[in-house]
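Everything on this sheet refers to the single structure shown next.
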Amino acid sequence: MDQDFSVTGTVDGDHVTVMVSGEVDMATADALFAAATPSAATAATVDLRAVTFFDSAAIHALIRLAEHYRDRFTVLPSSRVLRVLEISGLGGQPWLTRDAGGGAA
């Protein structure tokens, strides 16, 4: 696993909040998915505002999470993550939150 990568999931009732930092790529995307899918959770927020690199494996992890949680899924992107999602055609997804704190506009 990448030394610059960190993922922490915190469950509160049926909601998991996942904080991610560093590079999310082929070596780390499965850890992101695992942290975001504890058995007790039926809703998730994934905070990617500290992510510095985001590749196709990371995109796939988000798509899997969106399918898993349906309408109870939120992503807070960094500006880099937002750019990758926009280029890949996912910039308009309802689970993608654009707020001033996340660098998304």
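Here are the numbers for this structure:
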{"read-out": "ALA34 touching a strand residue (DSSP E or B) at 6+ places or on another chain (Cβ under 9 Å), free of Cβ contacts under 8 Å to residues at least 12 places away in the same chain, not in a strand (DSSP E or B) and not β-branched (Val, Ile, Thr)", "value": "yes"}
{"read-out": "GLY22 surrounded by 13 or more Cβ atoms within 10 Å (Cβ to Cβ) and in contact with a Leu (Cβ under 6 Å, 6 or more places away or on another chain)", "value": "no"}
{"read-out": "Matching option when the condition is touching a strand residue (DSSP E or B) at 6+ places or on another chain (Cβ under 7 Å) and either modelled with pLDDT of 95 or more or aromatic (Phe, Trp, Tyr) (or both), among ALA61, ALA66", "value": "ALA66"}
{"read-out": "Residue in the stretch 35-50 that is modelled with the lowest pLDDT, counting only those that are among the small types (Gly, Ala, Ser) and touching an Asp or Glu at 6+ places or on another chain (Cβ under 7 Å)", "value": "ALA40"}
{"read-out": "Filtered residue count, the stretch 46-68, keeping only those that are in a helix (DSSP H, G or I) and over 11 Å from the mean Cα position of the chain (by Cα)", "value": "4"}
{"read-out": "The stretch 10-31: number of residues that are more than 21 Å from SER79 (Cβ to Cβ) and not in a strand (DSSP E or B)", "value": "6"}
{"read-out": "Candidates GLY13, GLY22, GLY9, filtered to the one that is free of Cβ contacts under 8 Å to residues at least 60 places away in the same chain, on the phi > 0 side of the Ramachandran plot and in contact with a strand residue (DSSP E or B) (Cβ under 8 Å, 6 or more places away or on another chain)", "value": "GLY22"}
{"read-out": "Residue ID - nearest to VAL24 (Cα to Cα), chosen from residues in the stretch 69-89 that are in a helix (DSSP H, G or I) and in contact (Cβ under 8 Å) with a residue 24 or more places away in the chain", "value": "VAL81"}
{"read-out": "Odd one out for VAL7 among (1) surrounded by fewer than 13 Cβ atoms within 10 Å (Cβ to Cβ); (2) in a strand (DSSP E or B)", "value": "(1)"}
{"read-out": "Selected residue [out of contact with any helix residue (DSSP H, G or I) (no Cβ under 9 Å at 6 or more places or on another chain), surrounded by 15 or more Cβ atoms within 10 Å (Cβ to Cβ), of a type in the set (Gly, Ala, Ser) and within 18 Å of LEU90 (Cβ to Cβ)] from ALA29, ALA66", "value": "ALA66"}
{"read-out": "Failed item, numbered, when ALA43 is tested on (1) among the aliphatic types (A, V, I, L, M); (2) within 12 Å of the chain's Cα centre (by Cα); (3) surrounded by 15 or more Cβ atoms within 10 Å (Cβ to Cβ)", "value": "(2)"}
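The values are calculated or read from the model by the stated rules, or taken from the named source; none is laboratory data. Keep in mind that this is a model prediction, so the values were computed, not measured. We place every Cβ from the backbone using ideal geometry, glycine too, and count neighbours over all the protein chains shown.
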